Each structure stands twice: as structure tokens, then as C-alpha cells.
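Right, one structure below, let's go through it.
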Amino acid sequence: MNKYLKYTLIFHLSFLIIRILYVIYRDIDLSTEEAQYWLWSKHLDLSYYSKPPVIAYLNFISTSILSDTEIAVRINAIIIGFLLAIITFFFTKYLFKDEKLAFFSSLFIYFIPAYDIASIIFLTDTPLALFWGLTTYFFYKAFNENKKRDWILTGIFAGLGFLSKYSMVLFLPGALIFIFIFKREIFKEKWFYISLFIAFLFTLPVIYWNIANDFVTFKHVGKLAGVEEKSFSLKHVGDYILGQIGINSVFLFPFFIFAIFKALKNWKNPTNFYLVINPLIIFFLFLIISLKKNVEPNWPAFGYYSLYILTASYIYNNIKQKLYYFLPLFLSGLSILILFYTPILDYIPPLNKLLPPEKDPTKRLVGWEKLGENIKNISKNKEKYFIFSDSYHISSELAFYTKDWKNVYCIRVDRRMNQFDLWEGISKYENKGYYGIYVADHPITDKVKNAFEDIEYSYIYSVKYRGKFVKDYYIYILKNFKHLEEDPITSY
């Protein structure tokens with residue numbers, strides 16, 4: 001084993017252990033999306049309402065080994081973060097034939113907030129990032145060497161990426177443009193088409209599932225992409241751009257811009273063009289979507305992978321001459337450390353005003369375990385009961401933290417369709433003397449209240465974080481469920 005590969009493995013294995021300890025000892029709960037994807041693993045299927053199935057399968061494997069715990073869910077993100085760093089080393093080495101640069105490149109991604117978050121919080125973006133990175137690597141190898149093995153692996157990884165998140169299809173336009181400009185003879189190569197066919201095979205389970213379920217995924221994704229929106233507006237564009245700066249580090253953003261301009265200036269170099277084409281396509285595609293609707297900052301993050309390598313190479317080649325490059329790296333690393341433990345801000349008076357508890361994004365990751373304990377204590381005294389909410393966020397968290405997932409539901413009242421609508425509902429409990437334990441972030445509506453004989457009692461559970469109030473949850477114990485007329489499905 002050569003020196004820099006050894007350094008790479010030691011460093012990233014050390015960080016893998018640090019991340020495991022962080023998840024075990026940091027006092028934050030699963031995010032609502034993590035809880036939802038965990039719940040999917042209790043209902044294994046070929047696909048799901050909003051996403052393909054890989055995340056559910058990975059959760060099923062990890063929780064089967066480690067039981068239904070936070071570390072069992074997040075170990076997937078931690079391992080994938082480790083693998084992505086190792087892939088970055090090998091891909092950079094292949095690109096630039098420089099092991100020292102490859103080592104630096106694998107370290108550089110730690111200074112990117114999007115990477116660090118995806119290496120702790122287990123969302124669909126995490127496996128997508130892994131398979132996007134692998135596809136980016138092996139497609140470039142296949143492009144250069146035209147080996148059967150590389151084309152097959154490209155197809156497999158692209159297919160697995162699709163089964164992680166549908167955004168994987170966005171790899172294809174950049175790849176086709178790259179081939180068209182630099183090596184059109186590949187369009188005559190049979191293994192290129194075999195690679196496409198292999199990737200297509202992975203889409204069949206999702207297509208079959210959608211045929212059986214009224215194409216709800218297509219309707220949902222179309223809604224997210226703003227297909228129904230007829231007008232354009234600039235109101236979300238600013239938030240989109242600021243979000244992209246934030247997830248990629250405000251301190252490093254100038255380097256990304258400079259690396260892009262340098263690559264475009266020398267676009268006839270295939271490596272430069274390849275590393276920049278997909279990041280640009282992804283950025284501008286979601287910019288167009290932001291003209292119609294709000295775009296979450298993490299949505300385009302997967303597409304910037306090759307830009308991170310390009311930027312790392314630029315910094316590496318200049319850092320010896322310009323030592324002040326260390327300052328933005330240091331500030332970016334420091335900001336990420338603070339992001340992962342924001343309570344430290346409360347001990348630094350000038351800084352606590354920068355991110356008060358009310359604006360702290362981690363406030364959404366607290367209070368769920370204690371809320372679950374509250375509901376467990378209530379249900380102990382009820383022989384016949386079910387737990388429900390009108391929010392899949394709340395229902396998913398209660399399913400995880402009560403460990404009573406078989407008795408947790410999400411009613412369709414004043415909301416769009418979600419995965420719960422494809423599972424069994426609460427109608428089976430009608431007129432059988434069941435109690436309903438209702439949890440919401442708003443007072444009970446007449447529609448829900450009238451579905452029961454009476455409210456036995458209710459109270460408000462208040463969540464505090466960093467010593468400040470952040471949210472109220474309304475809890476109702478409802479007596480003798482009769483019937484609830486749920487809303488028709490009109491929005492996806």
C-alpha cells in the first residue's frame with residue numbers, strides 16, 4: 001500500500017469513528033424525513049410515493065443488525081460518507097495522476113457543508129451522492145479506455161443512483177454533450193448502449209410500481225418541479241442562490257466560481273470540461289425551477305461532486321504560493337464544527353446573535369424523543385388505541401420514538417397526498433371503542449374532534465432548545481372513534 005493511500009484510509013476511518021461517536025452522544029433526534037424513510041423499511045416495496053426504494057432497503061439492513069436506533073439509521077450516511085471520500089481519492093488520482101493531490105481532494109470535501117450533512121443525516125441525497133460519484137468516475141474511465149467492465153459498472157451505478165433518487169437521470173445530458181464534443185465514435189460503440197440498457201433495467205421496478213399505483217410518483221415529481229405553475233417569478237431565485245452558497249460554504253464559494261471560469265476558459269481540455277459540465281447543468285436547471293417555485297438548498301447538491309474535485313485541484317496547485325488560501329479553509333471548517341454543535345454559540349456572546357435558537361436549523365431535530373415518550377406513557381393506560389396526526393412529519397417521528405409504528409397513522413385532512421395514503425388507514429377502528437391519540441402542531445379541528453365521541457383530555461407539549469422555546473405540539477386523547485371522512489386527493 002502506497003503512502004498517500006495509507007494516509008487517506010487512516011484519516012477517513014478516524015473520521016468515520018468520530019461521526020459514529022457524534023451520532024451516539026449528540027443530543028439531537030432523527031429528522032422527520034429520516035424517520036419517514038425508516039418507516040418505509042417496515043413496509044418494503046418496489047418503490048414509494050415520493051422516492052425510489054434504496055433508502056428503505058439500506059435502513060432495513062442496518063436496523064435488522066443494530067435494531068431501531070438512531071445510529072442504526074445514520075450508520076448508512078456515515079459509511080457512505082467514508083466511501084465517497086475514498087472514491088474521491090481514486091477518481092482524483094485517475095484524473096491528475098497525482099496521489100498527493102488525490103489525498104488533498106479527499107480531505108477538501110470535509111470543508112463542504114453539503115458533504116458533512118449528508119455524511120450524518122441519512123436522506124435520499126446520501127446514496128444518490130455515492131452513486132453519482134461512482135457513475136462520474138467509471139463513465140470517465142469508460143470514455144477514456146472503452147473497457148467492457150467500466151461500461152457495465154457505469155450502467156449499474158447509474159441504475160442504483162436512479163433507485164436512490166430520480167435526479168440521477170440528470171447525469172445523462174452532460175454525458176451525451178461530453179461525448180458529442182470530444183469522442184463521437186463512442187456513439188458507435190455497442191457497450192455504450194449496453195450500459196444505457198443496464199441502467200434502464202433498474203428503472204423497471206419503479207415503473208411497474210407506478211403502473212400499479214396510478215403513477216403517483218410522476219404526479220408528485222411534476223408538482224415539485226413546478227410543472228403546474230404557469231407563471232414565472234423572481235421571488236425564490238435569491239433564496240436559491242443564497243442556499244447554494246450556504247451548502248457549498250460561503251468562504252469557499254469564490255474558489256468555486258474561479259475554478260469554473262478557469263475550466264471554461266480552457267474548455268477544450270476534456271478533463272476541465274467534464275468536471276464542470278454537470279455542475280453547470282444542475283445549477284441552471286434548478287435555477288429555472290426556482291423561477292416557478294421554492295427549491296430546497298439540498299436538491300442540486302449531488303450534482304456538484306466533480307466541481308469539488310476541480311476546485312480542490314485549483315487550490316492545491318496554488319496553496320504553496322498563496323498561503324492565505326488556508327484562511328477560507330479554516331473558516332469553512334470552523335463554521336461546520338459550529339453548525340454541528342450550535343449550543344457552543346451560547347457561550348460566545350457576540351456570536352450567539354448570529355444564529356439564535358429561533359433560527360437554528362437543528363431546532364427541527366430536537367424534542368421528538370421526549371414527545372414519543374409522552375405518547376408511550378399515555379398509550380400504556382389504553383387497551384384499545386391508535387396514534388395519529390395530519391402531518392407525515394409528526395406521524396413518522398412518533399412511529400420511530402414510540403416504537404409502536406404499527407399503530408401510527410397520518411390522516412388526510414388539509415394536506416396533500418403522502419406515503420401513508422398507500423397504507424392501511426384508521427377506518428378499521430370505527431365504532432369499536434378505540435381511543436385516538438392525536439398529535440398536531442395546531443389546535444384540533446372540528447372535523448377531527450367530531451370523529452370521536454369526546455375529548456377525554458388534552459395538553460400542550462412545548463419544545464425548548466438552547467434554553468429557548470421553539471415549538472408547541474397539541475396532544476389530544478380522544479374517546480370512542482366513530483368515523484372520519486378524509487379529504488379527497490387533490491394535490492400531490
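Laboratory data are not the source of any read-out in this text; all were calculated from the coordinates shown. Owing to the predicted nature of the structure, the values given are computational and were not obtained by experimental measurement. All Cβ positions, even for glycine, are placed from backbone atoms using ideal geometry, and neighbour counts span all protein chains on display.
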> If you place +1 on the Cβ of every Lys and Arg, -1 on the Cβ of every Asp and Glu, and leave all else neutral, what size is the dipole of the range 399-465 about its Cα centre, to the nearest 20 Debye?
Replying inline: 260
>> One quarter of the convex hull surface, Cα atoms only: what value does that give for the chain in nm²?
In response: 25.5
> Mind checking which lysines have their C-alpha under 16 Å from Lys183, skipping anything on the same chain fewer than 8 residues away?
Replying inline: Lys141, Lys147, Lys268
> Which percent, nearest 5, of DSSP beta bridges in the range 364-481 are antiparallel?
Replying inline: 70
>> Which order do the peptides 61-73, 397-409 come out in when sorted by mean C-beta neighbours inside 10 angstrom, highest first?
In response: 397-409, 61-73
>> Let me test this: with uniform point scatterers at the alpha carbons of the range 364-481, what is the Debye-based log₁₀ I(q)/I(0) at q = 0.09, 0.11, 0.20, 0.24 1/Å?
In response: -0.22, -0.33, -1.14, -1.64
>> If I require 27 Å or longer along the helix axis, counting alpha carbons, and a Kyte-Doolittle average no lower than -0.5, what helices from the chain are left? Use full DSSP H segments.
In response: 3-25, 70-96, 125-145, 270-290
> What dipole magnitude, in Debye to the nearest 20, does the range 364-481 give about its Cα centre under +1 on Lys/Arg Cβ and -1 on Asp/Glu Cβ?
Replying inline: 360
>> Placing unit charges on C-beta atoms (Lys and Arg positive, Asp and Glu negative, everything else neutral), compute the dipole magnitude of the chain about its Cα centre in debye, rounded to 20.
In response: 1740
>> Which residue, Gly81, Ser233, Ser47, has the largest displacement toward the positive end of the dipole of the chain when charges sit on each Cβ (Lys, Arg +1; Asp, Glu -1)?
In response: Gly81
>> At a 10 Å Cβ-Cβ cut-off, how would you order Phe89, Phe330, fewest neighbours first?
In response: Phe330, Phe89
> Which percent, to the nearest 5, of DSSP beta bridges fully inside the chain are antiparallel?
Replying inline: 70
>> For Ser167, Ser396, which order do you get if you count the other beta carbons within 10 Å of each Cβ and list the fewest first?
In response: Ser167, Ser396
>> Below 29 Å, Cα to Cα, which lysines can Lys353 reach? Residues fewer than 8 away in the same chain don't count.
In response: Lys235, Lys363, Lys370, Lys464, Lys468, Lys471
>> Taking the beta-carbon count within 10 Å as an exposure proxy, list Asp150, Asp487, Asp27 from fewest neighbours to most.
In response: Asp27, Asp487, Asp150
> Reachable lysines from Lys165, Cα under 19 Å, same-chain residues fewer than 8 places away excluded?
Replying inline: Lys51, Lys219, Lys223
> Among 273-286, 256-269, how do they line up from the highest to the lowest mean number of other beta-carbon atoms within 10 Å?
Replying inline: 273-286, 256-269
